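The values are calculated or read from the model by the stated rules, or taken from the named source; none is laboratory data. If you're wondering where the values come from, they're calculated on a predicted model, not measured in any experiment. For neighbour counting, all protein chains shown are included, and Cβ atoms are generated from backbone atoms with ideal geometry for every residue, glycine included.
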Amino acid sequence: MTLEPQEPRLDTSDPAEHLVAYLDYYRRVVVAKLGGLDAAALTRARLPSGWTPLELLNHLVHMEQRWFRWGFLAESVPAPFGDHAGGAADGPWEAPPTDDARRTADELCTQLLAGGETTTRILRRNALSTHGGLGGRFPTPPAPPLLWIGFHVLQEYARHAGHLDIVRELEDGATGEPG
């Protein structure tokens, strides 16, 4: 999967549209950074913390659904912590078992972008001051407002895109913004 991410330059003061644009941008940065890694690099830990790029990608897929679908919408989602060993919220990251890491990465990238479409609909259909539903991630009040959730997820993407910058530089010397 190849994407050419471009940093958004919006001519609007609508914060929801800025969140939508930047979340989409960082999803595309992640996909582009991972697109340059072969199967071996996707499953090799390059940093002392021990996670692999495939595990980070799986984390991002689950993280976004945890905050927006399970969190804000209070929907039931299968395995909300399926990115953590044993499904425990505090377990180390893990990736789905695979015989073909490149194919698995492409499938997870497709899921990441599809999850982003759901997030976009949520951000465009709800006031940013609306608090998340109770149940799911937030069993008791107060659930945070959509604006807080959006910024939390945005910082997760930015931080993890930076992690992938380091992994790519260590792996093959690639630096800078993709695209």
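Could you check T175 against (1) buried (at least 21 other Cβ atoms within 10 Å of the Cβ); (2) modelled with pLDDT under 95 and say which number it fails?
Condition not satisfied by T175: (1).
Starting from the range 7-21, keep only residues that are in contact (Cβ under 8 Å) with a residue 60 or more places away in the chain, then list their pairs with residues that are small (G, A, S) and in a loop (DSSP other than H, G, I, E, B) whose Cβ atoms are within a distance under 6 Å, requiring at least 6 positions of separation or different chains.
No pair meets every condition.
Read through the list (1) assigned to a helix (DSSP H, G or I); (2) in contact (Cβ under 8 Å) with a residue 60 or more places away in the chain; (3) touching a helix residue (DSSP H, G or I) at 6+ places or on another chain (Cβ under 7 Å); (4) within 22 Å of T98 (Cα to Cα), then give the number of the only condition that L57 fails.
(2)
Scanning for something in contact with a Gly (Cβ under 7 Å, 6 or more places away or on another chain) and either more than 16 Å from F68 (Cα to Cα) or of a type in the set (S, T, N, Q) (or both), does the range 150-171 turn up at least one residue?
Yes, the range 150-171 contains at least one residue that is in contact with a Gly (Cβ under 7 Å, 6 or more places away or on another chain) and either more than 16 Å from F68 (Cα to Cα) or of a type in the set (S, T, N, Q) (or both).
Evaluate the following for L112: is it touching a Lys or Arg at 6+ places or on another chain (Cβ under 7 Å), under 15 Å from L57 (Cα atoms) and part of a helix (DSSP H, G or I)?
yes
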